[in-house]
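Structure first, commentary second.
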């Protein structure tokens, strides 16, 4: 078991190197760096001055050095837990991460909880009443979440709250520890929209797993023993069919951190997503690199945890 | 509980309304006694990230720190077209117009309690004027004009100019030329951090929750006795139209008076949702330009530039793309710079600006045919922000009429700046450029002279440079006006410039009716210190 | 034949409805030039006109006919969805199946590449790609391909692993079939069902992601009539001109419902364990 975990952890290394290299190179392929943006966007000074200023900024930030040198230096720093200074905020990126990471994590967890609370019952109903009206209804219901882009659902929620309740979620972020009620009042809406959006695959998976498990021998046995249908479904079928569902949700959860970009922007949540998209548009390389790195790491860790959980829940799986 | 209190408030409001209706004593409105207290809520359209007003150029930076600092001079919060003293009680110019002396207020304290003296002014302007220091707003404006700054005594500062320059005073009064404390600059090196936000202004910098909110609180020791009235100002950081409009409709913000202005549809929507606001249309001191690249074919050919100048239907562009909110064709906007602007009747008779367009379009078509008998294909670039793409579509449709077949190329916002700055385009269909100061000189040194920072097309006409230079150095108002008229007439008559003014942009804004004593500034940058604003019950 | 179809319809009414919707959308896309009363980029009309006899879906902010844009949008959105999914899923499927079968270092290595691509936040990946390559419809497809390929590779790999372990494949190997032959003749056909399901469900995913990219300014060029782009522009006038979002929103929803219901049915029909009702 521990050698398995160790091996998996070792496999993190090539993945993280690959992911960080990829984003490193891609960022530099995007036209315009921060120097050009700062200077050309203002466009107040003569063109000769502008050119000189661009060179000066690039030099200050080390952007005029070969890309390999820049990458090696970045890795060296990252190994020491130093992700450099944000080009825009001129303060350590680690500070920015420390501020933003917990907020996005909270939003992601809230989203997953809401998604499960909504999607799994729908899937169960759907399976129990296979090909009945309730099955169709719940499938349509969960699909409806997928059928509109998130930004649109988000905008509709904002519009609807103002239009019908003359109320808007708080615009000022308050942390959960500071004031849980105010915090949830703001976060529950983006979480709802996002949960609604990701519920369709969860419902679908729950349904098909249930259908599969219901036909398996031990369930038949349970039925034959004369257990009430209800008990069969909840005690036996559901528990066993939830395994792959949990895996799937975990897998989603790992990617969710990066998927919150749009919801954070619309609902003014100062998390990683909104910071990341801003950092990309401002070409704040260190911030983007660090945030993408953290997101990749979370993705890998969540995957590992899900796999371990899976093995723990299902005794049939053993590690070689 | 909140339901009931809302109801109660509503009842009170209705009662008050009834009272107002019953009492026809209208003059009360003009002589209201300012009421202290209350927090003003409004918003920034983005997260400033950095806070150094001397070194940065985005509006969000200026807006985030506006109330914290004072300048030597300022645009009068009560009458924004007037320049009045701020830290300087009075100021004088020498007879030759090359020396300005500022007499500073005494007993002014920095927010940390240190006394303010001329040494702070000198430190600030030495920093801004340092050729090695990138100061894109204040520095860019002052560096060409100012030779040196001297502290004559603790309460007197002298600016020596390189030449007598009319834009000097408007520049010093600009919201970007703020005075920072010498000891703070020495301690922190720059003004980026929250700790370094120590000014002499009506508000103290209280809180910066990045990506969420910026708060100021009342400075109880402000040098203007009795001011400010407000207890504080809160700026939410709201990115994107849907969120901004939702906040406005829900009554979470009292004011929308910065970039981006509301679109007509947003203003209509707000008007339906709230009756307690004044919605107004106002200029934002910004020009909507179409740029042609004069450094490469086909627009290195003056005939081709002339053809586009003739063909563009500015009235249609303003009517459709700006929803009518703008002054088409003007090189200077009379609403902003008054008599310096060529009268609009004259502008609207100029080739390319006159209606109907038929004759101009026919002539333009001939010009294009002369050089490209089969017409030509060009790439029409826009940055993908605001409604630039819509504008681009309209421009393409207009150019099609004269045989120029455009295909749209959209750039991600920042990538677009990089491309345009390097001259990597053929036509830019839409690029707005905001003026840093409200002075007729601004637009020419931004977009028309050879060296201008936003002369993306690389247009160069020695005569334009010379006329602009002459107008800049002219201090006699009548002669200066004549010089700018000559320049505008010259540009309109030549009609081959590469920076084409489609119009001066206006937009819709709103102000809560309870917000008093606030008048929008003449640029988006000025007049957001809220020094004299107050909130009626 | 018809009897069989009737049976399928009775067993899978939702799937059948989905198939009809998809068919209609495809027809609209194919016949767009004939169906649309105006050009999708034609700006000559008054802006924000409410739906009327002349403009059944109204006009948009620059005076384009919304109906024509929705019709042309079917072509564009389906093209983006179909092309990106066909390329992305096919590429991913081949990758997944081949590496699963070959195994060893190639498999472990390719797994790391898949991890790498999946670990990057998709929106940011797409946004930087679009900014680097420039905005065009084909670049949106490329970005979507890069998002879809690793997911498909991972899913198909696990399917192929399952298939490869069956005695059937062992028998083929024992019979002396070459590796290529085993992959082409035995492995791939057995993964076809999963492939088809991935394709049908991901077309709608691609359409919706394109819409999200439009919202952050990295989708298809906004003058192109993509449904997502129309939605993104329409939310600026949600109340004044609700028709600007209603019709493209309806179109997207229909496409998503149609494609997913169809995909679900295919899944049910091809998965013997779920065949329940069809017997």
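Just so it is clear, none of the values below were taken in a lab; they were calculated from the coordinates. Bear in mind the structure is a predicted one, so any value in this text is a computation, not a measurement. Note that each Cβ is placed from the backbone with ideal geometry, even for glycine, and that neighbours are counted across all protein chains shown.
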Original post:
Given a Förster radius of 30 Å and the C-beta distance between residue B:93 and residue B:466 as r, what FRET efficiency does 1/(1 + (r/R0)^6) yield to the nearest 0.05?
Top reply: 0.75
**OP:** Just report the Cα centroid separation between region C:169-197 and region C:108-167, whole Å.
**Re:** 23 Å
Original post:
Using bins 10 angstrom wide from zero, how does P(r) for chain B break down, in % of all Cα pairs?
Top reply: 4, 17, 26, 25, 18, 8, 2, 0
**OP:** Sum -39500 (n - 2.57) across every DSSP H segment of at least 4 residues in chain B, then divide by the residue count to get the 222 nm mean residue ellipticity, nearest 500.
**Re:** -9000 deg cm²/dmol
Original post:
Using 7 Å Cα-to-Cβ label points, what is the residue B:280/residue A:161 separation (nm, one decimal)?
Top reply: 3.2 nm
**OP:** Pairs of Cα atoms under 8 Å, at least six residues apart: use those to get the relative contact order of region B:153-235, whole percent.
**Re:** 17 percent
**OP:** Measure nothing but the geometry: give the 0 to 90° angle between the long axis through the Cα atoms of B:2-22 and the longest principal axis through the Cα atoms of chain B, rounded to 10°.
**Re:** 80 degrees
Original post:
Can you give the calculated 222 nm mean residue ellipticity of chain C, where each DSSP H run of n ≥ 4 adds -39,500 (n - 2.57) and the sum is split over every residue, rounded to the nearest 500 deg cm²/dmol?
Top reply: -24000 deg cm²/dmol
Original post:
Using alpha-carbon positions, what is the distance between the centroids of region B:396-444 and region A:247-297, in Å?
Top reply: 32 Å
**OP:** Compute the long axis of helix A:133-146 from its Cα atoms, compare it with the longest principal axis of the Cα atoms of chain A, and write down the angle in degrees, 0 to 90, nearest 10.
**Re:** 0 degrees
**OP:** Would you mind computing, in nm to one decimal, how far apart the modelled labels at residue C:136 and residue B:35 are, each placed 7 Å from Cα along Cα→Cβ?
**Re:** 6.2 nm
Subject >> Full-extension gain in nm, residue B:153 to residue B:354, via 0.36 nm per residue minus C-alpha separation >> reply: 66.6 nm
Original post:
residue B:162 versus residue B:132, label points 7 Å from Cα toward the beta carbon: distance in nm?
Top reply: 2.0 nm
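At a Förster distance of 56 Å, what's the computed FRET efficiency of residue B:107 paired with residue B:422, Cβ-Cβ distance as r, to 0.05? Walk me through the intermediate numbers first.
Working: r = 52 Å, r/R0 = 0.92.
So, using R0 = 56 Å, E works out to roughly 0.60.
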Original post:
Rounded, prolate or oblate: which fits region B:62-180, taking a ≥ b ≥ c as square roots of the Cα gyration tensor eigenvalues, rounded meaning a/c under 1.5, else prolate when a/b beats b/c?
Top reply: rounded
Original post:
Efficiency by 1/(1 + (r/R0)^6): what FRET value for residue A:59 and residue A:243, r their Cβ-Cβ distance, R0 = 45 Å, to the nearest 0.05?
Top reply: 0.20
Subject >> Top of C:84, C:178, C:226 by mean-square fluctuation, Gaussian network on chain C, Cα under 10 Å >> reply: C:178
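Is the shape of region A:145-195 rounded, prolate or oblate, going by the alpha carbon gyration tensor and its root eigenvalues a ≥ b ≥ c, with a/c under 1.5 for rounded and a/b larger than b/c for prolate?
Cα axes put region A:145-195 in the oblate bin.
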Subject >> Using alpha-carbon coordinates, inclination of helix C:66-102 to the longest axis of chain C, degrees >> reply: 20 degrees
**OP:** Quick one: grab the alpha carbon gyration tensor of region B:333-442, order the square roots of its eigenvalues as a ≥ b ≥ c, and give me rounded if a/c is under 1.5, else prolate or oblate depending on whether a/b is larger than b/c.
**Re:** oblate
